[in-house]
Amino acid sequence: ETPPQDTEIRQLDENTVARIAAGEVVERPASAVKELLENSLDADADTVDVTVEEGGTELIRVADDGHGMREADVRAAVREHTTSKIDGLEDLESGVATLGFRGEALHTIGSVSRVTIQSRPQDGDGNGGAGTKLVYEGGEVTSVEPTGCPAGTIVEVDDLFYNTPARRKFLKTTATEFAHVNRIVTRYALANPDVAVSLTHDGREVFATTGQGDLQAAVMAVYGREVASAMISLDADDLPPGPLESVSGLVSHPETNRSSREYLATYVNGRAVTADAIREGIMGAYGTQLGGDRYPFVTLFLEVPGDAVDVNVHPRKREVRFDDDDAVRRQVDAAVESTLLEHGLLRSHAPRG
Ligand code: ADP
Ligand code: MG
C-alpha cells in the first residue's frame with residue numbers, strides 16, 4: 001500500500017477554499033456592493049447609503065436602517081452558508097422573495113478583505129442596549145465588541161483583495177470600477193423607488209433618491225431632469241400570448257438615447273436581469289427611430305409567474321433565458337410599441353422606400 005505522504009493530492013485548507021470561492025462571487029468592488037445592497041433591501045431598509053472610495057477598491061460602506069441584528073446573528077452572519085432567509089430547497093422551489101439566500105456573501109467578501117459590521121436591531125435588545133461591532137478579516141473574526149450605533153446595519157469593506165494580489169492587479173481604473181458600482185446602485189435604486197438610496201464616491205454625492213415611491217422621481221434623481229422629462233410611462237397587461245403577465249415602467253422618447261446599452265434597466269419579478277429577448281423586443285419597438293448602435297433609456301418591470309423563473313442561478317449571472325424567447329420578444333415589442341404609438345412617437349406603418 002502507498003504511504004499517504006507519497007500522494008500528490010492534498011486537501012486544501014478552509015481559508016484557501018474560501019478565497020477561491022470568493023473569486024467567483026466577488027469579481028470586483030461592484031459585486032460586493034451588490035451583495036451588501038441586497039442585504040439592506042432584504043432587511044426592509046427605508047434608507048440605504050452607499051459610500052465608496054477609489055471605485056470601491058479602498059472602501060465600500062453600506063449603511064441601512066433595516067431590521068438590524070443581535071450579537072449572535074452578527075457572529076452567525078459571517079459564517080459559511082448561514083442565512084436567515086430560507087430553510088431548504090423547498091423554499092427555493094416555491095420561489096424566493098428575498099434577493100439573497102445562499103448565505104455566502106459576507107463570508108466570502110470577508111475572506112478577501114477586512115469587513116466591519118456594526119448592527120443594532122430595531123426592536124431593541126441589542127448588546128445591553130447598544131449595538132455590536134464585529135471585525136472579520138481574511139476569513140477570521142478578529143474582534144467583537146459592543147458599540148454605540150444607530151438601529152440598522154453598517155457594513156464596511158476595506159482593502160478588497162488585499163490578500164489576493166493577482167485579483168487586485170486585475171482591477172481596472174478607479175473610473176471603470178466606479179462606473180460598475182454606479183450601474184449596480186442605479187439598478188437597485190430604480191427598482192426600489194420606495195427606498196431612499198444614495199451613492200457617494202470619494203466624498204462627492206453622485207445621486208440620492210427620495211424614497212417617496214415614485215419611479216419618475218427616482219429616474220430624475222439618477223439620470224437627471226432632462227432624461228426624466230423625456231420618459232413616458234408604460235403599463236401593459238393586455239399582451240400577446242406568452243409567459244409575461246405584465247410589463248410596466250418608463251421608456252424614453254426615441255430622440256433621448258445613448259450609445260450604450262447600460263440605460264436599458266430591465267427587471268424580471270423585481271430582479272435586475274439582462275436577456276436578449278427583452279432587449280430585442282425593446283429595440284424592435286423603436287425600430288429605425290434610433291440610429292445604429294443607439295439605445296433608449298428604459299426602466300421596465302416584467303412579471304412572470306413565480307414558478308416560471310429559476311432564480312437558483314450562479315450568483316454573478318444576470319443573464320436569463322426564457323423557455324419561449326420568441327414569445328417574450330413579441331410581448332415586450334408589443335408593450336413598448338403600443339406605448340410609443342399612443343404618444344405619436346413612431347411613424348407607424350410608414351411606407352418603406
Ligand atoms: P444571504 O443574504 O444569502 O442570506 P449573506 O452572507 O449576504 O447571505 O448574509 C447572511 C445573513 O446575515 C443574512 O441572511 C441576514 O440574516 C444577515 N444580514 C446580512 N446583512 C444584513 C443587513 N444589512 N441587515 C440585517 N441582516 C443582515
Ligand atoms: Mg446576501
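Readers should treat all values here as calculations from the given coordinates under stated rules, not as data from a laboratory. Computed from a prediction, not measured in an experiment: that's the story for all the values here. Don't worry about glycine lacking a Cβ; one is built from the backbone with ideal geometry, like all the others, and counts go over all protein chains shown.
Observations, loosely collected:
- The range 184-229 - percent relative contact order, Cα under 8 Å, separation 6 or more: 31
- Net length gained if the chain between Asp235 and Glu262 were fully extended (0.36 nm per residue, minus Cα distance): 7.5 nm
- With R₀ set to 41 Å, the beta-carbon distance separating Ala130 from Ala208 gives a calculated FRET efficiency near 0.90.
- From least to most packed, judged by other beta carbons within 10 angstrom and beginning with the fewest, Lys172, Lys34 follow the order Lys172, Lys34.
- If the Kirkwood radius is taken over C-alpha pairs of the chain, then at 10 °C and 1.306 mPa s the Stokes-Einstein diffusion coefficient equals 72 µm²/s.
- Based on C-alpha pairs under 8 angstrom that are at least 6 apart in sequence, the chain has a relative contact order of 15 percent.
- Annotation: the residues Ser40, Ser260, sorted from fewest to most other C-beta atoms within 10 Å of their own C-beta, follow the order Ser260, Ser40.
- Residue order, fewest to most beta carbons within 10 Å, for Asp73, Asp235, Asp42: Asp235, Asp73, Asp42
- Applying 0.36 nm per residue to the separation of Glu80 and Asp276 and subtracting their alpha-carbon distance, the gain on full extension is 67.1 nm.
- Net length gained if the chain between Arg183 and Phe170 were fully extended (0.36 nm per residue, minus Cα distance): 2.7 nm
- Alpha-carbon spread of the range 160-266, three principal axes, descending order, Å: 53, 32, 28
- Spacing of the two label points (7 Å from each Cα toward its C-beta) at Glu303 and Glu226, in nm: 3.5
- Cα pair distances exceeding 15 angstrom across the range 181-241, given as percent: 53
- Pairs of alpha carbons in the range 223-262 separated by more than 15 Å make up 54% of all such pairs.
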